[in-house]
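The values are calculated or read from the model by the stated rules, or taken from the named source; none is laboratory data. Because the structure is a prediction, the values reported are computed rather than measured. Positions of Cβ are generated from backbone atoms using ideal geometry, with glycine treated the same way; all protein chains shown enter the neighbour counts. Just so you know, the surface numbers come from the protein's heavy atoms only, side chains and all, with ligands and any DNA or RNA stripped out. Shrake-Rupley method; radii C 1.70, N 1.55, O 1.52, S 1.80 Å.
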Amino acid sequence: MTPTKNAHAPAPPATSRPRALNHSRTTATAARVLRQLGHDPRTIALLLLIPCVMLFLLRYVFDGSPRVFDSIGASLLGIFPLITMFLVTSIATLRERTSGTLERLLAMPLGKGDLIAGYALAFGTLAIIQSTLATGLAVWFLDLDVTGSPWLLLVVALLDALLGTALGLFVSAFAASEFQAVQFMPAVIFPQLLLCGLFTPRPDMHPALEALSNVLPMSYAVDGMNEVLLHTDMTANFIRDAAIVAGCALLVLTLGAATLRRRTT
């Protein structure tokens, strides 16, 4: 007589999704993203060359007024990387979702935190290269005159690029197509660009707009660049501004991990 199975036998334990960040999973994700980007030279060119080209054009737009370039070049040195990293990161992440790659990855023992951290690490590596190229071009080839250390400019430019990466990862969760991802730029980037103090000092704005600018991270990126432009040493205000930009990037990355979706609906 064939024995019957015990109806009350315990079920095998379900595989739980890892909660803590894992170094090997994060670096593996970053390496995969970098390999994919390596097969897309146009994206690499956009990331690395566009900020340099824009700074080069800006320098010779104000060829007859080099002091104007000195006054706004430092601020734009941080803004250009933020914009390009935002665009590329949001589109690349959305492409992974629409192609089904993201759903396959999340079906594996890979946490959302590992995935977001891997993306941030990959694009952060490119942000380091991008910021180094842009800062080197502006200071040593375009004669951007700054009172402080060029290395502090590089720090703020890098933090801005990382902030753009974090914002791109976050907004990609709310877009259903690459076109929609681009449409988020006027909503996320343009208000910050207008209120950051690039066109007029923030204290000269309407009080309501000044109050709004005080909660936008790009304002502190511009303030940090201006600190390097005007002071020889690292000031307390510079440390505050850099810390706020870094904190905003970390906060938005955390929100990106919380809102990450497997597929586009």
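Annotations for the structure displayed:
- Condition check for Leu55: in contact (Cβ under 8 Å) with a residue 24 or more places away in the chain, surrounded by 13 or more Cβ atoms within 10 Å (Cβ to Cβ) and over 24 Å from Leu194 (Cβ atoms): no
- Within segment 76-106, if we keep just the residues that are surrounded by 22 or more Cβ atoms within 10 Å (Cβ to Cβ) and of a type in the set (Ser, Thr, Tyr), the residue that is modelled with the lowest pLDDT turns out to be Thr93.
- Checked against the criteria, Leu57 does not count as touching a Leu at 6+ places or on another chain (Cβ under 7 Å) and at pLDDT 75 or above.
- Pairs are defined by a Cβ separation below 7 Å, a sequence spacing of at least 6 or placement on different chains, a first member in segment 183-200 that is closer than 21 Å to Phe69 by Cα, and a second member that is part of a loop (DSSP other than H, G, I, E, B) and at pLDDT 90 or above; the pairs so defined are Gln192/Leu216; Leu195/Leu216; Cys196/Leu216.
- Leu49 within 24 Å of Asp143 (Cα to Cα), of a type outside the set (Asp, Glu) and open to solvent by less than 10 Å² (accessible area, probe 1.4 Å): no
- Of the residues screened, Tyr119 is not one that is open to solvent by 10 Å² or more (accessible area, probe 1.4 Å) and either without any contact (Cβ under 8 Å) to a residue 24 or more places away in the chain or over 19 Å from Glu227 (Cβ atoms) (or both).
- Every residue from segment 174-187 that is among the aliphatic types (A, V, I, L, M) and surrounded by fewer than 16 Cβ atoms within 10 Å (Cβ to Cβ): Ala176, Val182, Ala187
- Test: residue in segment 203-210 that is free of Cβ contacts under 8 Å to residues at least 12 places away in the same chain, under 19 Å from Leu251 (Cβ atoms) and open to solvent by 40 Å² or more (accessible area, probe 1.4 Å): no
- Residue match in segment 139-152 (condition: within 23 Å of Leu34 (Cα to Cα), aromatic (Phe, Trp, Tyr) and open to solvent by 10 Å² or more (accessible area, probe 1.4 Å)): no
- Selected residue [touching a residue at least 40 places away in the same chain (Cβ under 8 Å) and more than 24 Å from Met54 (Cα to Cα)] from Ser149, Ser131, Ser172: Ser172
- Segment 122-138, subset over 15 Å from Phe80 (Cβ atoms) and surrounded by 18 or more Cβ atoms within 10 Å (Cβ to Cβ), residue modelled with the highest pLDDT: Ala122
- Selection of helices (runs of 4 or more DSSP H) fully inside segment 101-213 by the criterion of at least 2 residues being under 21 Å from Ala243 (Cα atoms) and not acidic (Asp, Glu) returns 112-136, 150-171, 190-195, 207-213.
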